[in-house]
Amino acid sequence: MNLTAALNTSVGRVRQAISSLLSPATLIKTTAKTYDVLTGRKNSIVTQTTINVVVEAFDVSELNSSVLYSDLKITIFKDPSFEITLDDKIMIGGVTYSIVKITPAYVGGDVLTYTIQLR
């Protein structure tokens, strides 16, 4: 078994082990489509993708000028079917949050998870 196969097997086991911690969320991506010169507005396409996340509060020791008490911390597994950017939004429990920071966690040279700060 090569390293990639071993990592994929391990990731599958970790996902299974933490499945009870996962909460459903919606990734909301807005993509500019066209610019209407008459109205001066951009027409955009909004796509929504259901994702599973682990929701946490930031620890008191993590609070500072860039991490607020009301911010949420979520962790998601990297998924090749979507890419998360700072322009996206994430809806959890009917509340839509902006993405403040995305921090990847690497195993070797591959991204395994992302920790995302929401506001």
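List of remarks:
- Selected from Pro104, Pro80, Pro24 as most flexible by GNM, with the chain as the system and alpha-carbon contacts under 10 Å: Pro80
- If the segment from Ala17 to Val111 were pulled out straight at 0.36 nm per residue, it would be longer than the present Cα-Cα gap by 31.9 nm.
- Extreme residue, positive dipole direction of the chain, given options Ile45, Val111, Val11 (C-beta unit charges): Ile45
- Range of Cα positions in the chain per principal axis (Å), largest first: 60, 38, 26
- For the chain, the longest principal axis of the C-alpha atoms and the axis of helix 3-17 are separated by about 80°.
- For the chain, the dipole from Cβ point charges (+1 on Lys and Arg, -1 on Asp and Glu) about the Cα centre works out to 260 debye, to the nearest 20.
- Cβ-derived FRET efficiency at R0 41 Å, Asp36 paired with Ser10, nearest 0.05: 0.25
- Net length gained if the chain between Ser98 and Ile28 were fully extended (0.36 nm per residue, minus Cα distance): 24.2 nm
- 5 angstrom amide H check on Lys78, placed H, neighbours 5+ away: Thr113, Tyr114
- Length added when fully stretched, Asp79-Phe58, from 0.36 nm per residue minus Cα-Cα: 5.2 nm
- Loop-resident chymotrypsin sites (Phe, Trp or Tyr not before Pro) (DSSP state other than H, G, I, E or B) in the stretch 42-113 with no more than 16 further Cβ atoms inside 10 Å of their Cβ: Phe58, Tyr69, Phe82.
- Nearby lysines by direct alpha-carbon distance to Lys78 (threshold 26 angstrom, same-chain neighbours under 8 apart not counted): Lys29, Lys89, Lys101
Where a number appears in this text, it was derived from the coordinates with a stated rule and is not lab data. Source: prediction; values computed, not measured. Neighbour counts are summed over all protein chains in view; Cβ atoms, including those assigned to glycine, are modelled from backbone coordinates with ideal geometry.
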